[in-house]
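The values are calculated or read from the model by the stated rules, or taken from the named source; none is laboratory data. None of the values given here were measured: they were computed from a predicted structure. Note that each Cβ is placed from the backbone with ideal geometry, even for glycine, and that neighbours are counted across all protein chains shown. Please note that ligands, DNA and RNA were not included when accessible areas were found on the heavy atoms of the full protein model with its side chains. Shrake-Rupley method; radii C 1.70, N 1.55, O 1.52, S 1.80 Å.
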Amino acid sequence: AQSVTQLDSHVSVSEGTPVLLRCNYSSSYSPSLFWYVQHPNKGLQLLLKYTSAATLVKGINGFEAEFKKSETSFHLTKPSAHMSDAAEYFCVVRPNTPLVFGKGTRLSVIA
Amino acid sequence: DGGITQSPKYLFRKEGQNVTLSCEQNLNHDAMYWYRQDPGQGLRLIYYSQIVNDFQKGDIAEGYSVSREKKESFPLTVTSAQKNPTAFYLCASSIGRGSTSTDTQYFGPGTRLTVL
């Protein structure tokens, strides 16, 4: 069975410091992996996706993620947090079926 | 202006009533999806459709029904059989057409349903 585990339900950082949101996956296939962001009472916006090309994937708003097959991880990072980054982030895996979502990580950014 | 629209943004329903949530897309996508979001649980798939006049149950289809009479529209009906319908409902679409796992889903803004 395919699954996604987001290791932290809540992460809090100070503005200007690095962001790390952790995600581990389980998949029998070589999956596609996604990160989505959701601001309060809004839909989900795609940040980036991995599709078996380069293992380091760059997304929008300065975010990037690295696919590590040996660790079955796809952690999301950003060098410097902005107040506008405060939101819920979802790690998502798609083997060859509809998407499988992690439970989300809420990112708080402190001024 | 392309995208996915959902209406209404907020919806209130009395117990025992059916209610229909609208989802429309003008992206020319073949595949459409309905998800339910509850706090701390991520998104769970209710129904999806890969082509007009065809749809499949997702993980939590009980108490819900859908139709796909037009490519652009995928309405979701929450029936009185759904025991706990209060939630945030998200519609999504993707290119589909038998594409591989690289297919990206694009989401609408959501409808918040509250049962009074």
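General remarks:
- Residues considered: B:Gln17, B:Gln56. Of these, the only one that is of a type in the set (S, T, N, Q) and within 28 Å of A:Gln2 (Cα to Cα) is B:Gln56.
- Residue that is nearest to the chain's Cα centre (by Cα) [pool: residues in segment A:19-61 that are within 10 Å of chain B (Cβ to nearest Cβ) and open to solvent by 70 Å² or more (accessible area, probe 1.4 Å)]: A:Lys49
- Long-range neighbours under 8 Å by Cβ, at least six apart or interchain, first residue under 16 Å from B:Tyr33 (Cβ atoms) within segment A:35-54, second open to solvent by 10 Å² or more (accessible area, probe 1.4 Å) and acidic (Asp, Glu): A:Gln38/A:Glu88
A quick yes/no check of all residues on (1) part of a loop (DSSP other than H, G, I, E, B); (2) closer than 12 Å to B:Leu113 by Cβ; (3) in contact with a Ser or Thr (Cβ under 8 Å, 6 or more places away or on another chain):
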| site | (1), (2), (3) |
| --- | --- |
| B:Phe12 | no, yes, yes |
| B:Leu27 | yes, no, yes |
| B:Met32 | no, no, yes |
| B:Leu45 | no, no, no |
| B:Glu62 | yes, no, no |
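- Just one residue in the set B:Phe107, B:Phe74 is within 8 Å of another protein chain (Cβ to nearest Cβ), at pLDDT 90 or above and buried (at least 20 other Cβ atoms within 10 Å of the Cβ); that residue is B:Phe107.
- Residues within segment B:1-21 that are within 18 Å of A:Lys42 (Cα to Cα) and buried (at least 16 other Cβ atoms within 10 Å of the Cβ), tallied: 4
- On inspection, A:Lys78 passes the criterion of being more than 12 Å from chain B (Cβ to nearest Cβ) and touching a helix residue (DSSP H, G or I) at 6+ places or on another chain (Cβ under 7 Å).
- For A:Ser84: the one exception among (1) in a helix (DSSP H, G or I); (2) more than 29 Å from B:Ser7 (Cβ to Cβ): (2)
- Checklist (1) under 15 Å from B:Leu76 (Cβ atoms); (2) not in a strand (DSSP E or B) applied to B:Ser49, failing item: (2)
- Hey, B:Glu72 acidic (Asp, Glu) and either farther than 22 Å from A:Leu44 by Cα or more than 14 Å from the chain's Cα centre (by Cα) (or both) or not: no
- Considering residues of segment B:77-94 that are part of a loop (DSSP other than H, G, I, E, B) and open to solvent by 20 Å² or more (accessible area, probe 1.4 Å) only, the residue farthest from the other protein chains (Cβ to nearest Cβ): B:Ser80
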